[in-house]
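Engineer: Got a structure for you, questions after.
Derivation of every value follows stated rules applied to the coordinates shown; laboratory data play no part. As the structure is a prediction and not an experimental result, all values here were calculated from the model. Reconstructed Cβ throughout: ideal geometry from the backbone, glycine too, with neighbour counts over all protein chains shown.
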Amino acid sequence: MHTKHYADEAVIDKYVERIGHLLKRNPNYRGLSVTWYGGEPLTGLRAIRKASQRLIECCRRNRYDYLSDMITNGLSLKPKVFQTLVAECEVKRYQITLDGTAESHDQRRMTKRGAPTFDIILQNIVYVTRTEIYSHHNYEISIRVNIDKTNHRYATPLIYLIKARHLQEKVSMYFTAVVDLGSNDAGKDSLDADFFAEEEVEWLYLCYENGIRVRILPERVHSVCTVENKDSEVYDALGNMYACWEFPYDKVYSQGESRIGNLFDSPATYNPNASLRNWAAVVDSGKTGRKSCVHLPVCGGGCPKSWHEGKSACPPFKFNYKGKLLLDYYIRKTRAKKPLEVPGAMSQKTA
Ligand code: SF4
């Protein structure tokens, strides 16, 4: 999702209007959770500040809780920007992706001019986590490591590097197998599911031994992602609404049946049955073959978009749950001496 569009005042007005409507529609709601995501959100910092202020004000006025997190490449996350995000936008949790160490990360994540980015991002993490505000409040940076055939051997050196930079106990880490989600062939180098699952247990063990916070066992989930909650919506900078995070700006999914509608159009034109919105019914029907899976209560069924495209979305846990249960047992036995698992970790983005 790469675009130069930024939400202007008129679009921000529409976000606030729509979210206010969704909150009022259900008297059981106690708060609003906002995730800033897509392309690189920090390039639109001005729009994020404006929208956050309006949404926070709306929540305060109506006594709703306000929660906010951000998925960022970390390149512009300087301490000053972090402090603005915390103070003005109440963004408390950050997910930053590193594709291994500099050797692998810089092969695929460069600036527009082709310059390397790994050292800048890592230094930003070091500086941000050293700020007083980060150490004294419950802020969290979670490092997501995308893994495929081309970079899996750099995961272990990255764990040691995080320790060497004294980031253990300040950040958490998790490992995600790269799969094809957009229309960009990202999954062409995907690892075999069994191999990734086996390696993942090793990396998690290594993190634990090096004092880096990790989540070992999945928790009970009641829905898989935004698509299953009819009041969870994804907005792009032009006011288009979707059920799935991967739809905006996508060549295939940004239009037609995948679009719920546009915030500037009459609500009467919105499509309540936009693609994937009725995913719970698909699972119930047994069409995906996952309804009887014993892991369903903790995986929620896996990414609906992948299943919809005919690709298996079973999580690594299905293949490595025995290893994870043993690791969890080991951690419980040795817990007194080592940091705990990630407390109330930011929901790890499944896409
Ligand atoms: S998990 Fe899959 S369906 Fe759900 S938001 Fe992410 S990409 Fe979309």
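Engineer: Once the convex hull of the alpha carbons of region 1-90 is built, what does its volume come to per residue, in cubic angstrom?
Structural biologist: 95 Å³
Engineer: What do you get for Rg/Rh of region 52-98 when both radii come from the Cα atoms and Rh is the Kirkwood radius?
Structural biologist: Reported Rg/Rh, Kirkwood definition of Rh: 1.04.
Engineer: Continuing with this model, one more query. What ³J(HN,Hα) values, in whole Hz, does the Karplus curve 6.51 cos²θ - 1.76 cosθ + 1.60 give for region 218-229 when θ = phi - 60°, with x put for Gly and Pro?
Structural biologist: Coupling constants for region 218-229: x, 9, 4, 10, 10, 8, 7, 5, 4, 4, 7, 9 Hz.
Engineer: Share of antiparallel DSSP beta bridges in the chain, in percent to the nearest 5?
Structural biologist: 20 percent
Engineer: Sticking with this structure for a sec: Report, as a whole number in µm² per second, the diffusion coefficient that Stokes-Einstein gives for the chain at 25 °C and 0.890 mPa s using the Kirkwood radius over alpha carbon pairs.
Structural biologist: Translational D for this selection: 115 µm²/s.
Engineer: Give me the lysines in straight-line cross-link reach of K163: C-alpha distance below 19 Å, same-chain residues under 8 apart excluded.
Structural biologist: K337, K338
Engineer: Sequence-distant or interchain residues sharing an amide H contact under 5 Å with V91, placed H: which?
Structural biologist: Amide H to amide H, under 5 Å and 5 or more residues apart or across chains, V91 pairs with V86.
Engineer: Under a Cβ-Cβ cut-off of 10 Å, what is the net charge of the residues other than N138 that fall near it, where Lys and Arg count +1 and Asp and Glu count -1?
Structural biologist: Residues near N138 contribute +1 overall.
Engineer: Mind listing the phi-derived Karplus ³J(HN,Hα) values for region 316-333, rounded to whole Hz, using 6.51, -1.76 and 1.60 with θ = phi - 60°, and x for any glycine or proline?
Structural biologist: Per-residue couplings from phi come out as x, 4, 4, 9, 10, 5, 5, x, 5, 5, 5, 5, 4, 4, 4, 5, 4, 5 Hz.
Engineer: Summing Lys, Arg as +1 and Asp, Glu as -1, what charge do residues with Cβ under 15 Å from the Cβ of Q255 carry, Q255 excluded?
Structural biologist: With Lys, Arg at +1 and Asp, Glu at -1, the neighbours total -3.
Engineer: Going by amide H atoms built from the backbone, whose H comes under 5 Å of the H on R259, apart from near neighbours?
Structural biologist: Excluding prolines and chain starts, which carry no amide H, the hits are S275.
Engineer: Among 110-119, 197-206, 36-45, how do they line up from the highest to the lowest mean number of other beta-carbon atoms within 10 Å?
Structural biologist: Descending mean neighbour count gives 197-206, 36-45, 110-119.
Engineer: If you don't mind, there's one more thing I want to ask. Taking only DSSP H segments of four or more residues, each worth -39500 (n - 2.57), what value at 222 nm results for the chain once the sum is divided by all its residues, to the nearest 500 deg cm²/dmol?
Structural biologist: One gets -11500 deg cm²/dmol as the mean residue ellipticity at 222 nm.
Engineer: Here's something else I'd like to know. Over region 229-336, how many pairs of lysines fall under 17 Å by alpha carbon, counting only those 8 or more apart in sequence or from different chains?
Structural biologist: 9
Engineer: Among the lysines, which fall within straight-line cross-link reach of K50, defined as a Cα-Cα distance under 24 Å, with same-chain neighbours fewer than 8 residues apart omitted?
Structural biologist: Filter leaves K4, K14, K24, K78, K80, K92.
Engineer: Local charge sum around S33 (other residues, Cβ-Cβ under 13 Å, Lys/Arg +1, Asp/Glu -1)?
Structural biologist: Neighbour charge sum, excluding S33 itself: -2.
Engineer: Further, regarding this structure: Amide H of A177 versus every other amide H placed in the peptide plane: which residues, excluding those fewer than 5 positions away on the same chain, fall under 5 Å?
Structural biologist: I147
Engineer: Quick one: 3J(HN,Hα) in Hz for region 52-61, Karplus 6.51/-1.76/1.60 with θ = phi - 60°, rounded, Gly and Pro as x.
Structural biologist: 4, 4, 5, 6, 5, 4, 4, 5, 4, 4
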